[in-house]
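Notes for the one structure printed next.
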Amino acid sequence: MSTPTTTASSATGAPRRGVLRRLLVHPLGGVSMIVLAVIVVVGVIAPWIAPHDPTETSLSMIFAEPGGEYLLGGDSAGRDIWSRLLIATAFSLAGGLLVMAVASLVGVTAGLIAGYYGGFVDAVGAWFTALTMSLPSIIVLIAARAVIGPSMWWTMAIFGIFISPVYYRVVYNSVRAVRGELYVDAARTSGLGDGRIIGRHVLLAVRAPVILLMSGVIAAGIGMQAGFDFLGLGDPTIPTWGQMLNEGFYNITRSATLVLWPALALGLTTVALTLLGTALRDELEGTSERRRSRKAPAWSLDEDVPAVVDHGGEDASEPLLAVRDLAVAYQAGDGYATVVKGGRLTVRRGETHGLIGESGSGKTQTAFSVLGLLPKGGKVMAGSIVFDGQELTGLSDAQMNRLRGTRIAYVPQEPMSNLDPSFTVGHQLTEPLVKAAGLSRKEAKERALALLARVGIPDPERAFGSYPHQLSGGMAQRVLIAGAVASHPDLLIADEPTTALDVTVQAEVLDLLRDLQEELGMAILIVTHNFGVVADICDRVSVMQKGVMVETGATADVFDDPRHPYTRALFEAIPKGAPRAPLAGVTSAGLLGTGALK
Amino acid sequence: MTDSLLTVDGLQVEYPGRGFRAQPFRAVKGVSFDIRPGETVGLVGESGSGKTTIGRAILGLAPVSAGTVTFNGEDISHPTKQRRRELTRDIQVVYQDPYSSLNPSLTIGDSLTEPMIVRKTPKREAQARVRELLDMVRLPSDAADRMPREFSGGQRQRVAIARALALDPTLIICDEPVSALDLSTQARVLELFLEIQERTGVAYLFISHDLAVVREMSHRVAVLLHGELVEWGDGDTVTSQPEHPYTQRLLLASPVPDPVAQEQRRADRLRLKQLHADQDLQAGAA
Amino acid sequence: MLSFVGKRLATGVGLIVTLAVLTFFFLQLGNSDTAQRIAGQQAGPEAVAVVEERLGLDRPAIVQFLDWAGSALTGDLGRSWFSGQEVTEAVTTRMSVTVTLAVGSVLLTAVIGITLGALAATRRGWLDRAVQILAVIGQAIPGFLLAMALVLVFAIELDWFPATGYTRFSESPSEWLLSIALPVIALTLGSIGGVAQQVRGAMIDAFERDYVRTLRSRGLPRRSVVYQHVLRNAAGPALTVLGLQFVILLGGAVIVEQLFSIPGLGPLALSSTSQGDIPVVMGIVVVTGVIVVVVNTLVDVIQAWVNPKVRVS
């Protein structure tokens, strides 16, 4: 297994190129970058290309028609709209940048300190965040203006401080997350001091979210500035889009174009900034949906599936479940990642069948295919699944629903995440009994209580009214087993049912499954990676490797005489249970006094 | 015991309780054991047994509220920040999760040179050492320039082992180092651990929930239950003829990969369970 | 549960006190020539001193604050320095108009946003794209720009709604509805997308949860799992967003009121700050703070009620 796992990632992700280049080819990112580039260039060179002084008034040019001396006409004071628009661009961008600079400086610094050290800064940060969220920022800016007067720069700086919690929270959360990562612990045990750890690991993790926020915060700053100036609170000596909008709006009856130009400039800038942020997020977080052709690409099995080593020894009766030549694939980019290619499986009535394999062997995918519940994007591409004489592939969801829960049931791996945290155990047990099996509420409750008692839950009434978070892992798994066997299924599919449990609990859960099987006469398909579990509970076993079934037979036969090289390799890898020889140079006297400490 | 490399004596770890006037949570309740140079001591227990916390306490990552940890004759339960950093030369760690233990944005080489930065090892020397380490854990030397995502779980775990070895420590805390790995990978990584021990004479504190793995790796074994040490002694004895009822239960609960032997073990387990239940009943009646 | 509400309220009170203290002393910074302005530019030092004494401005700031806080506790926020009007009355009358706008927009946003978000998450396809585009536009374009566009089109060009002004509900309910329709729509348009986007994300997230598969494995139809389990689990994040939207809408209302000449908090805030009318500014800040705290506490309580982990234990 020393091949790097690049195969999986290269199948799903696009090749990594520079973020900038990827942004340019991103449909929204490219356009918004070009628009922004033009706006920035205009802003920077505005003072040199503006044909007139933007504050210069001229009586003769009041509401002048466009196209004359004033390119876009004159406003109510006879100022050149074009020049004002150009200069306003510079001020708007500068204002937005100032907001971003102040907000990120304050927010990132505080977030880093609070996230890494906690304590006082953490408390102050949380408090300040709550404070800023309890007042609309415009109210604060209006109040601030009473003190500082109409200063654009101060207003923008205060707004920056006010929205710095946006940065603070993002940085704080990512620092907290990084602090929990083992590689930070490892750095500490490597002897790195706090400063080095922040520099090497923490800043690296904070970088992306901080960059992502940039364009949004600039847009917010520009929008706020425009709003503030629109209210007439801005500095009258600085031409801004907000002022021009205000001017235009109150003279709307005279000329609609007065509003049009600043509105266009403002809208274009903020939309471009926001789109850039979205595109950047797509690219940095890899959520970009690559343009796919409308039609799903063609799928084909590109390799021969080797024959399975079959130990035989099955009786000739009609199998309960027969999976033949199953192929399961996930669409990835322009092709498919085929996770199961030679799925073969025969489960007879009342038998316990182990499906064993390592991660990526496709064992769980095979089980999900039988249930008709493959994760999003997964599809059965070929083969057949016959359950009790009925072909399951190609059944509609409604048809599958009639089988699921009543005839085929499922016990998951992770007990906690498989119970809905918002509903009581009782609700989750009775809901399917009422809705799918058609019992009355009262019957359903009685059945559920009996089941909870049956699976060994000490106080069924109490468990019935509990929420999942009030149960232990072992109890939760019992609840899930109770739910699965509620309607006496013919086939129980258990996906690593004991992997998440402690060894002692695992033994009890296996006992429970064994007892239930004897009682109900159901077949169990148990997906596992543990040969001990197979030896304990399975009549027959099938071994899967990289999506292909390689060996199948009675448990005793396969364990006695594994024939496929892979099966043999697996058996060899099992810890033999040979103890270590005592440490050289230590006399046995050194071991005296040990033994059970009572 | 003067020949011990590390001695843990009456170790107690307490985490402050959450909320106002909450009881502190005691994760480790007075645990004692020792590790000799070049020895592997296995620490077995189920979830909540405190086995990981003990490892973290030795590394100085968990608060020691009572008891001592003595390393080479020096009490290291509450060292100064400076001393703690120096100690990292001698005590290293390999974690369970090979995915979270390497920074995804640093190359393997960067991760491996990390311990050498602090020691101000010259760049050329550090690079040579990285090659040497990669060779020691059987990874190709070009691995240094690659990113963690290009490697499988088993390979990442090899990198983590290499990083732990970088400063030639005398003790490595192995916290469930193979639990996240597939069976065949697990066997190879375990082999690597043994091989390195033979070559370098490093001692291991091998923390695991898997009795079979611990048995194969450890000279001596300690069994933990709810933060307390219930059994401690020679590895073979503890893992094949345990005396404490809990260790007995633990041993019989882990299924053996042999249908016939497992049937026997299951019968033994049920008999033991019945026996314990009867004893409890008698104790209750008395 | 009760102690939970108590704790939330205590935090809220703490916030309001901080808010009041910070605002008051911050406003002191720009308060040097207020008395002069009240007395008039020509007034001599003696006249100014009279004004200062009448308003209590000659006392130390801390005394002024304690005096203000004492009467604020009894519900008396003082009088305007300029008009002499009672601040409590002025702020609450105008606040009711602003809150009407904000609440109307939040409700409209909630209904439309949640529906759109849920549909986008379950149907995907073009609807999904539309919601995402709406979200970007709502986030990007400042609310007052949208409001302006609405006025231009629906009030001035089409003349369906009054362009400006406000009719009291008690005067004429139908005209009241017409007068707030455009402002509410303008505010709502900006926030629907964001809420829909959040609901969509929360639902897609809930869809991928393990328990959804397990419930489906028991024969429950997809619809029933979506409407009970997925929606319920997405409700928490949706509520949080709506709570945040309320604060944003309250701020948006200030600008929109000015634009539509609606006698809400906005115009009062503008006039009082330009004059430096500290009692009125303080009143506006504190009353806004109280309303936001109440709304946030309400959101937290509903949140706890939805999430059993908080409710039980």
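The values are calculated or read from the model by the stated rules, or taken from the named source; none is laboratory data. No experiment lies behind these values; they were computed from the predicted model shown. Cβ placement follows ideal geometry from the backbone for every residue including glycine, while neighbour counts extend to all protein chains displayed. With ligands, DNA and RNA removed, areas are computed over all heavy atoms of the protein, side chains included. Shrake-Rupley method; radii C 1.70, N 1.55, O 1.52, S 1.80 Å.
To the nearest 20 debye, what charge dipole does the protein assembly as shown have about its Cα centre, counting +1 at the Cβ of each Lys and Arg and -1 at the Cβ of each Asp and Glu? If you can, show how the numbers build up before the last one.
Numbers: 103 positive and 112 negative charges, 119 e Å.
Charge dipole, the protein assembly as shown, about its Cα centre: 580 debye, nearest 20.
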So what does residue A:561 come to for accessible area, using a 1.4 Å probe and Å² rounded to 10? 70 Å²
Looking at the square roots a ≥ b ≥ c of the eigenvalues of the Cα gyration tensor of chain C, which shape do they give, rounded for a/c under 1.5, prolate if a/b is larger than b/c, or oblate? oblate
Need one number: nm distance between label points at residue A:153 and residue C:25, each 7 Å from Cα along Cα→Cβ, rounded to one decimal. 2.7 nm
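Counting only helical runs of four or more DSSP H residues, what would the 222 nm mean residue ellipticity of chain A come to if each run contributes -39,500 (n - 2.57) and the total is spread over all its residues? Can you show the working numbers first?
Values: 23 runs with 308 residues, N = 598.
Result for chain A, helices only: -16500 deg cm²/dmol.
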Hey, what do the phi angles of region B:223-233 turn into as Karplus ³J(HN,Hα) couplings, whole Hz, using 6.51/-1.76/1.60 and θ = phi - 60°, x for Gly and Pro? 10, 10, 9, 6, x, 10, 7, 9, 8, 7, x
Among B:106, A:500, B:281, which residue has its Cα furthest toward the positive end of the charge dipole of the protein assembly as shown, with +1 on Lys/Arg Cβ and -1 on Asp/Glu Cβ? B:106
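Could you tell me the calculated FRET efficiency between residue A:56 and residue A:176, based on Cβ-Cβ distance and R0 = 45 angstrom, to the nearest 0.05? All intermediate terms of the calculation are to be shown ahead of the outcome.
On the way: r = 55 Å, r/R0 = 1.21.
About 0.25, to the nearest 0.05.
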Could you work out which residue, out of C:191, C:179, C:224, moves most in a Gaussian network model of chain C, that is, has the largest mean-square fluctuation with Cα springs under 10 Å? C:224
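If packing is taken as the average number of other Cβ atoms within 10 Å across a peptide's residues, how do A:527-533, B:72-78, C:120-126 rank, most packed first?
Numbers: A:527-533: 23.3, B:72-78: 13.7, C:120-126: 15.6.
Those peptides, ordered most packed to least, come out A:527-533, C:120-126, B:72-78.
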How crowded by other chains is A:400-409, given as the mean number of beta carbons from other chains within 10 Å of each beta carbon? 3
Show which aspartates and glutamates lie in cross-link reach of residue B:123 when reach means a straight Cα distance below 16 angstrom and same-chain residues fewer than eight apart are skipped. B:110, B:114, B:132, B:145
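Sorted by packing (mean other beta-carbon atoms within 10 Å per residue), highest first, where do C:300-309, B:156-165 land?
Numbers: C:300-309: 16.3, B:156-165: 25.9.
Packing proxy ranking, top to bottom: B:156-165, C:300-309.
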Over the Cα atoms of region C:235-305, Rg to Rh with Kirkwood Rh, two decimal places? 1.09
Taking square-rooted eigenvalues a ≥ b ≥ c of the alpha carbon gyration tensor, is region A:346-486 rounded, prolate or oblate, where a/c under 1.5 means rounded and, failing that, a/b exceeding b/c means prolate? prolate
Using alpha-carbon positions, what is the distance between the centroids of region A:39-72 and region C:197-265, in Å? 47 Å
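Let me know the shape class of chain A, please: from the alpha-carbon gyration tensor, a ≥ b ≥ c as square roots of the eigenvalues, rounded when a/c is under 1.5, otherwise prolate if a/b is greater than b/c, or oblate. Don't skip to the end; give the middle numbers.
Values: a/c = 2.44, a/b = 2.13, b/c = 1.15.
Prolate shape, in that a/c is at least 1.5 and a/b is the bigger ratio.
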Say R0 is 30 Å: what FRET efficiency, to the nearest 0.05, do residue A:334 and residue A:376 get from their beta-carbon distance? 0.95
Testing the spin-label approximation: label points 7 Å from Cα along Cα→Cβ at residue B:264 and residue C:86. State their distance in nm. 9.4 nm
Taking r as the C-beta separation of residue A:307 and residue B:194 and R0 as 45 Å, the FRET efficiency to the nearest 0.05 is 0.75
Quick check: Cα centre of region B:154-225 to Cα centre of region A:538-562, how many Å? 30 Å
Tell me which of C:88, A:112, B:161 sits at the most positive position along the dipole axis of the protein assembly as shown, charges placed on C-beta atoms (Lys, Arg +1; Asp, Glu -1). C:88
How far apart, in nm, are two points set 7 Å out from the Cα along the Cα-to-Cβ line at residue A:264 and at residue B:240? 8.9 nm
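With a cut-off of 8 Å between alpha carbons and a minimum separation of six or more residues, what is the relative contact order of region A:22-285 in percent? The partial results should precede the final answer.
On the way: 379 pairs, mean separation 64.9, N = 264.
The normalised contact order for region A:22-285 reaches 25 percent.
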Go through A:382, A:328, A:415 and say which Cα lies farthest out towards the positive end of the charge dipole of region A:317-425; charges sit on Cβ, +1 for Lys and Arg, -1 for Asp and Glu. A:382
With every atom except the alpha carbons ignored, what do you get for Rg and Dmax of chain B, in angstroms? 20.6, 74
Pick from B:37, B:79, B:148 the residue whose mean-square fluctuation is largest in a GNM of chain B, springs joining Cα atoms under 10 Å. B:79
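Indicate, rounded to the nearest 5 percent, the antiparallel portion of the DSSP beta bridges found entirely in chain A.
Details: 26 of 48 bridges.
Close to 55 percent.
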For chain B, what does the helix formula give at 222 nm: sum of -39500 (n - 2.57) over DSSP H segments with n ≥ 4, over the residue count, nearest 500 deg cm²/dmol? -13000 deg cm²/dmol
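How large, in Å, is the protein assembly as shown by the Kirkwood hydrodynamic radius built from its alpha-carbon pairs?
Numbers: mean 1/r = 0.0287 Å⁻¹.
By the Kirkwood definition, the hydrodynamic radius is 34.8 Å.
Of the DSSP beta bridges with both residues in the protein assembly as shown, give the percent that are antiparallel, rounding to the nearest 5.
Values: 51 of 91 bridges.
Expressed as a percentage, antiparallel bridges in the protein assembly as shown total about 55.
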Sorted on mean Cβ neighbours within 10 Å (highest first), peptides A:454-466, A:408-420 come out as A:408-420, A:454-466
Please find, in a Gaussian network model of chain C (springs between Cα atoms separated by less than 10 Å), the residue of C:76, C:58, C:128 whose mean-square fluctuation is greatest. C:58
I need to check one value: relative contact order of chain C, counting alpha carbon pairs closer than 8 Å and at least 6 residues apart, in percent. 27 percent
With +1 on the Cβ of every Lys and Arg and -1 on the Cβ of every Asp and Glu, and nothing else charged, how large is the dipole of region B:100-168 about its Cα centre, in debye rounded to the nearest 20? 80 debye
Which whole number gives the average, over all residues in A:189-201, of C-beta atoms from other chains lying within 10 Å of the residue C-beta? 6
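To the nearest 20 debye, what is the magnitude of the charge dipole of chain A about its Cα centre, counting +1 on the Cβ of each Lys and Arg and -1 on the Cβ of each Asp and Glu? Present the calculation step by step, with values, prior to reporting the outcome.
Details: 48 positive and 54 negative charges, 177 e Å.
So the dipole magnitude of chain A works out to roughly 840 debye.
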Report for chain B the percent antiparallel among DSSP-assigned beta bridges with both residues inside it, nearest 5. 55 percent
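On average, how many beta carbons from a partner chain sit within 10 Å of the beta carbon of a residue in B:177-189?
Numbers: counts 0, 1, 0, 1, 3, 9, 15, 8, 5, 4, 7, 3, 0.
For peptide B:177-189, the averaged partner shielding equals 4.
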Of C:7/C:309; A:341/A:576; A:341/A:376, those spanning more than 26 Å from alpha-carbon to alpha-carbon: A:341/A:576
Report the relative contact order of chain A, percent, no decimals, based on alpha-carbon pairs under 8 angstrom and at least 6 residues apart. 13 percent
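When every alpha-carbon pair in region B:100-168 is counted, what percent end up more than 19 Å apart? Don't skip to the answer; put the middle values down first.
Numbers: 486 of 2346 pairs.
Tail of P(r) above 19 Å: 21 percent of Cα pairs.
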